[in-house]
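Written out below as structure tokens is the structure these notes cover.
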Amino acid sequence: MAWRKAVLVLLLITRSPLSGQDRGFQPEDYYNIVSVSQVAVSPTGDFVAFTVNTVKEEENTRHQEIWLQPLRNGRPDGEAFRITDPTAESLLLPGLRMAPSSPFPPRGGRIPTPFGF
């Protein structure tokens, strides 16, 4: 019984650090959320593509960009880089044939980018 009181006292003393945050989620926090989705590994295994989704507070809209991360032996190799125009939405371009779950075109194809690579 004494150990239960000791545990209770310890929890009450350390409650603040155990809470994990100073305040709850606020409405303005919504505009700072960055999410990653639609992750796919290239057919050769040299890259992983993913979309980065943010919210533009001024326009009250969501923004999506496609990024690539080089891989070496299945691990990140260097910095990820954006392959789409940051001022435009990254939507599937007409005529591009890809599996719905993968941003990579069939083997040997290319992802069309404004940079031309």
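FYI, it's all coordinate maths here, none of it is from the lab. Not measured: the values here are computed from a predicted model. Here Cβ is always computed from backbone atoms with ideal geometry, including for glycine, and neighbour counts include all displayed protein chains.
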List every residue pair whose Cβ atoms lie under 7 Å apart, where the two residues are 6 or more positions apart in sequence or sit on different chains, the first residue falls within segment 37-59 and is on the phi > 0 side of the Ramachandran plot, and the second residue, located anywhere, is assigned to a strand (DSSP E or B) and hydroxyl-bearing (S, T, Y).
Q38/T51
Step by step: first the residues of segment 62-86, then only those that are touching a residue at least 12 places away in the same chain (Cβ under 8 Å) and among the polar types (S, T, N, Q), then the one that is nearest to V48 (Cα to Cα). Which residue is that?
Q69
Suppose we filter segment 34-86 for residues that are part of a loop (DSSP other than H, G, I, E, B), more than 12 Å from the chain's Cα centre (by Cα) and surrounded by fewer than 14 Cβ atoms within 10 Å (Cβ to Cβ); how many remain?
14
